[in-house]
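Data block below; observations after.
Values in this text are rule-based calculations from the coordinates and carry no lab data. Nothing here was measured: the structure is a model prediction, and the numbers come from that model. FYI the Cβ positions are ideal-geometry reconstructions off the backbone, even for glycines, and counts take in every protein chain you see.
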Amino acid sequence: MIYLVLALLALGLSGSRAVAQESQITFHSSSNLVLVDVIARNAKNGLPDKTLTRDDFEIFDNGRPVLIKTFDNGAQFTTRPLALWFVVQCYMSDVVTEGSGLFRGEISLFEPALKYLDSEDTVAVAHWCDDGESKLDLLPTRNFGHVPTVLEDVLERSIEADDHDRTGELALQKTLQLIVDATQSSHPEPLPVVIFLYGDHSGMPRSEANHFVDELLETSATVYGLKDRRSPGIWFLPGEQKEVAHYIANQTGGEYLEVMPETYAKGLEDILQQLHFRYELGFVPENLDGKRHKLIVKLADLVKNQHKGVRLRYRAGYVPTVLQTR
């Protein structure tokens, strides 16, 4: 499997110019607006707060307040539809619990949650393997019933890899690039959402993890994950970022949930509820410097008392690169 414990470590160790060039996978922004998707939930019951307005929010770009130019509300069906990508890692018999192996043969348990997709949403499937294979198995479709069959077909095949190092990491990056490209080719462009079905027994140097996140922050993609609770965890990795997929989810405004077979559908339903009732705030960046900008979204002081207990989740930053027409 793709042991991200080792995955990007080779980036700084490789002396081959050709390999270094091969790893330069770049994601691109597709909007003249920075779109910030905000999940607002009640801390006590976990339910979404659907009552907020544009004036209730404040956005800060590197500490400076910015004007909210656009405002969309999922409760009013004005947010972008979802392009939901289920991403799995190829099955390998020697590392069943660390990757996507525990989901093999159990994908049908997710089916009840698919009914909560909206009619304008699309679903798709992609995978990567530690032998370097990277593929989009199902392009975005509104035929939601195809997803379980395709996922099971992907996980049915077993592969063998010589190692769990750089080849798999490059395959994962390529898969994410293919997903972003496929989503951006749709008009109007939906919100690309990656859902890893993946144990995430992983780690990498923090500098490399942050580089990886920066590539995704050039887009509006959001990453979520579902981890089978039986998968082993990593408690400590000196000098490294552990559970890299969890970290990417957190930095892009998503979330990683732990589930068991009996709660697979509930976990997916929770993710869909968050996304469908999100707020989407847009602003125009002042400086296209290609560097990561820190984002802070908070409730305005005048309304904080009216929404006590509401917690906001959003992506940690963005990378302004190229202005294009929305």
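A few comments on the model shown:
- Dipole of the chain [Lys/Arg +1, Asp/Glu -1 at C-beta], most positive-end residue of Thr70, Leu102, Tyr91: Thr70
- Compared with the dominant Cα axis of the chain, that is its longest principal axis, helix 206-217 is turned about 60°.
- Figure legend: label point modelled 7 angstrom from the Cα of Val96 along Cα→Cβ; residues of segment 222-264 with amide N under 15 Å from it are 228-232, 261.
- Residues Ser119 and Thr51, FRET efficiency given R0 of 25 Å [Cβ-Cβ distance, rounded to 0.05]: 0.50
- Normalised by the number of residues in segment 35-120, the average gap of Cα pairs under 8 Å and 6 or more apart makes the relative contact order 13 percent.
- For the chain, calculated [θ]222 nm from helices alone, where every DSSP H run of n ≥ 4 adds -39500 (n - 2.57): -7000 deg cm²/dmol
- Under 18 Å from the Cα of Lys308 - lysines, other chains or at least 8 residues apart: Lys44, Lys50, Lys298
- Charged-residue dipole, Cβ positions (Lys, Arg, Asp, Glu), segment 35-175 about Cα centre, Debye nearest 20: 820
- Aspartates and glutamates whose Cα lies under 12 Å from that of Lys294, excluding same-chain neighbours fewer than 8 positions away: Asp61, Asp214
- q = 0.12, 0.13 Å⁻¹, the chain: log10 I(q)/I(0) [Debye, one scatterer per Cα]: -0.82, -0.97
- Built amide H within the under 5 Å cut-off of Phe57, gap 5+: Ala300
- Evaluated with a Cβ-only charge set (Lys, Arg +1; Asp, Glu -1), the chain carries a dipole of roughly 1320 debye about its Cα centre, given to the nearest 20.
- Prolate/oblate/rounded label for segment 190-293 (Cα gyration tensor, a/c 1.5): oblate
- The stretch between Glu111 and Glu160 holds 14.7 nm of extra length on full extension. This uses 0.36 nm per residue minus the Cα-Cα distance.
- Using C-alpha pairs below 8 Å separated by at least 6 residues, the relative contact order for the chain is 32 percent.
- Residues whose amide H falls under 5 Å from that of Glu189, counting only those 5 or more places apart or on a different chain, are absent, with hydrogens built in the peptide plane.
- The string of couplings for segment 142-147 from the Karplus curve (6.51, -1.76, 1.60, θ = phi - 60°) is 9, 8, 4, x, 6, 4 Hz, one whole number per residue in order, with x for Gly and Pro.
- Helix axis angle, 166-184 relative to the chain longest principal axis, alpha carbon, degrees: 40
- Amide H within-cut-off set for Glu218, under 5 Å, with H built and near neighbours excluded: Val319
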